[in-house]
Amino acid sequence: MRCILVRVRSEGSAFSTRRTQDARFANHAKDIRSMSKTFDTFGLNPALLQALASEGYTTPTPIQAQAIPDVMLGKDLLGIAQTGTGKTAAFALPILHRLAANRVAPKPRTARVLILSPTRELASQIAESFKTYGRHLGFKVAVVFGGVKYGPQERAIQAGLDVLVATPGRLLDHMQQKTLDLSCTEIFVLDEADQMLDLGFVKPIRQIVSRIPAMRQNLFFSATMPTEIGKLAGELLKDPVKVSVTPQATTVQRISQSIIHIEQGRKRALLTEMFADPHYTRCLVFTKTKHGADKVAAYLEAGGVEAGAIHGNKSQPQRERTLAAFKAGKLRVLVATDIAARGIDVDGVSHVLNFELPYVPEAYVHRIGRTARAGADGTAISFVAGDEMKLLRDIEKVTRQKIPSTDRRNDKSLALLDQSIMASGVKSKASMPDDGRGDRQQQRGPRNPRRDGVKLEGGGQPHRVRKAGPGRDARPIPERAFDPLARERPRTSNNDPRHTSAPATASAKPDGEIKRRPRRRKPSNGGKGYAAQG
């Protein structure tokens with residue numbers, strides 16, 4: 001009789017072994033971080049290294065050196081980093097490495113990796129980064145956002161995707177239309193989480209996450225960490241590795257910041273005066289409202305400054321044309337709302353000007369983070385009116401510094417400049433031409449010839465001007481005169497030389513014409529008919 005010995009490992013020993021493995025992996029990642037002076041030390045896929053070499057990238061940034069090893073191991077990660085620190089590559093490179101190590105054909109209407117972004121521009125840039133780094137791997141990458149046609153996005157999802165970058169609103173539309181299934185998603189990335197909170201996307205994010213399998217890797221990135229974002233991170237992440245390359249809510253040290261105290265009505269004139277300096281080569285101007293962005297851009301155009309506006313009310317093609325013109329140097333100034341604070345990735349921005357201070361102090365950090373990118377220096381100037389002093393104190397409290405200021409209040413030269421610009425004529429809205437600015441009428445072509453003679457006169461009442469021609473004069477048809485004592489309103493005034501006939505009178509009906517039968521009254525007896533009324 002043979003005896004079979006079975007070794008049973010207790011639950012405690014299993015957890016102990018797991019902790020030992022996790023500790024060994026953590027030590028391995030720590031060793032990689034300590035020696036990661038080049039991308040070769042990470043052990044990335046050779047195809048990724050080839051793409052990085054083609055782009056001229058050899059040395060990782062601090063957040064890349066800290067995040068890439070842990071993401072490659074499949075751990076959840078909480079990354080706190082400002083814009084311009086290489087955050088996108090910090091999660092794009094290890095995600096592509098993991099997909100290449102476990103290459104599986106995606107099922108129709110599914111995505112293996114889902115990345116949520118708050119804005120269309122940022123979503124497009126993230127998708128472009130994945131395509132650039134993974135150019136030699138052949139993965140299917142698509143971007144989904146609102147403001148464009150639904151059909152092409154649906155067809156791209158139908159084929160199955162390796163990486164899907166989306167904004168929350170349009171993603172929920174696809175989920176509700178049953179064109180997207182998230183049951184096969186392996187990696188979930190939430191980028192710019194604090195702006196998601198500002199835009200009110202927290203509830204849609206929870207709805208989206210509820211459709212993703214619980215066994216997934218979560219990557220959570222934010223430039224700041226307010227209390228609400230910390231609570232959301234606690235709900236999504238499981239034993240995350242925390243990576244922070246800057247202190248909480250502090251600004252980039254290379255940015256020279258200053259404050260100018262000025263009346264609200266003189267801010268536009270001050271902008272025009274500053275842009276007369278050729279050192280303001282490529283500038284971003286931030287306003288609070290969409291209407292304000294259009295007004296500022298139109299004012300700068302009237303002052304001789306090449307400017308365009310971008311905000312949420314612009315269609316996606318308009319935003320893309322304006323942003324392309326700004327990148328190409330056709331526009332010197334781009335006026336934007338906070339929706340573009342993190343959706344614009346343009347190198348060489350020399351100045352960021354806060355035409356109005358943001359309501360949320362953390363938004364100030366994101367705005368000025370558009371300059372001083374990739375090791376360059378930058379300048380941030382904020383205009384502060386009398387009713388914005390509280391906002392300024394909140395910003396200085398969050399950034400932990402006293403921002404130097406100058407006073408331009410009661411400046412008569414700005415008043416004269418404003419008068420001259422307004423006298424030259426300012427359009428009501430900033431326009432959008434082929435190069436991102438100009439007259440929209442030129443794009444639409446000539447007006448309809450049927451409307452050429454239409455104009456408004458007499459309190460806004462429209463009437464036509466008779467075109468000159470053979471047997472015609474160009475005199476307008478006079479307004480109809482109304483005599484309150486007359487029994488009928490005449491068709492024309494009595495003093496019109498072209499119409500001297502008397503007012504028309506009712507003519508007798510021709511013989512044999514059938515008289516119109518009067519409408520019968522509907523019975524009110526429950527629908528029983530007239531016969532039942534007795």
Query raised in the report: Quick check: is even one residue across region 276-285 in contact with a Cys (Cβ under 8 Å, 6 or more places away or on another chain) and in the same structural domain as G425 (by TED's automatic domain parsing)?
Result: no
Report task. Among the residues of region 252-269, write down those that are in a helix (DSSP H, G or I) and either of a type in the set (G, A, S) or over 27 Å from the mean Cα position of the chain (by Cα) (or both). Result -> G265, R266, A269
Requested in this report: Would you please list the contacts, defined by Cβ atoms under 7 Å and residues six or more apart or on different chains, that run from a residue in region 143-156 that is on the phi > 0 side of the Ramachandran plot to a residue that is assigned to a loop (DSSP other than H, G, I, E, B)?
Outcome: G147/S315
Query - Residue check for V189: hydrophobic (A, V, I, L, M, F, W, C), in the same structural domain as Q125 (by TED's automatic domain parsing), surrounded by fewer than 19 Cβ atoms within 10 Å (Cβ to Cβ) and within 29 Å of P361 (Cβ to Cβ) - result: no
Query - Count of region 96-121 residues which are assigned to a strand (DSSP E or B) and either among the polar types (S, T, N, Q) or outside the structural domain of C184 (by TED's automatic domain parsing) (or both) - result: 1
Query raised in the report: Assuming Q318 fulfils every condition listed in (1) closer than 30 Å to V144 by Cβ; (2) buried (at least 20 other Cβ atoms within 10 Å of the Cβ); (3) of a type outside the set (F, W, Y); (4) under 18 Å from the mean Cα position of the chain (by Cα) apart from one, which condition is it?
Result: (2)
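Considering only region 67-81, I want to know if a residue exists there that is modelled with pLDDT under 90, in the same structural domain as L161 (by TED's automatic domain parsing) and closer than 15 Å to F220 by Cα.
yes
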Requested in this report: Please identify the pairs in which a residue from region 200-213 that is part of a loop (DSSP other than H, G, I, E, B) has its Cβ atom under 7 Å from the Cβ atom of a residue that is polar (S, T, N, Q) and surrounded by 11 or more Cβ atoms within 10 Å (Cβ to Cβ), counting only partners at least 6 apart or on another chain.
Outcome: I212/T185; P213/T185
Query raised in the report: Given the structure, is L182 under 21 Å from the mean Cα position of the chain (by Cα) and of a type outside the set (V, I, T)?
Result: no
Report summary line: F91 fails exactly one of (1) modelled with pLDDT under 95; (2) of a type outside the set (G, A, S); (3) within 25 Å of N218 (Cβ to Cβ), namely (1)
Query raised in the report: In region 289-296, is there at least one residue being more than 23 Å from the chain's Cα centre (by Cα) and not hydrophobic (A, V, I, L, M, F, W, C)?
Result: no
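Sort out which residues of region 145-164 are part of a loop (DSSP other than H, G, I, E, B) and over 18 Å from the mean Cα position of the chain (by Cα), and write them in order of number.
If the condition is that a residue be part of a loop (DSSP other than H, G, I, E, B) and over 18 Å from the mean Cα position of the chain (by Cα), then A159, G160 are the ones that fit.
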Report task. Would you mention how many residues in region 125-141 are in contact (Cβ under 8 Å) with a residue 24 or more places away in the chain and touching a strand residue (DSSP E or B) at 6+ places or on another chain (Cβ under 8 Å)? Result -> 7
Query raised in the report: Hey, any hits in region 159-177 for a residue that's without any contact (Cβ under 8 Å) to a residue 24 or more places away in the chain, in the same structural domain as T227 (by TED's automatic domain parsing), touching a Lys or Arg at 6+ places or on another chain (Cβ under 8 Å) and not small (G, A, S)?
Result: no
Query - Cβ pairs under 7 Å, 6+ apart, first in region 395-406 and assigned by TED's automatic domain parsing to the domain that holds A380, second assigned to a helix (DSSP H, G or I) and among the charged types (D, E, K, R) - result: V398/E362; K402/E396; I403/E396
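The values are calculated or read from the model by the stated rules, or taken from the named source; none is laboratory data. Being a predicted model, the structure only gives us computed values, none of them experimental. No Cβ is skipped: glycine too gets one built from the backbone with ideal geometry, and neighbour counts run over all protein chains shown.
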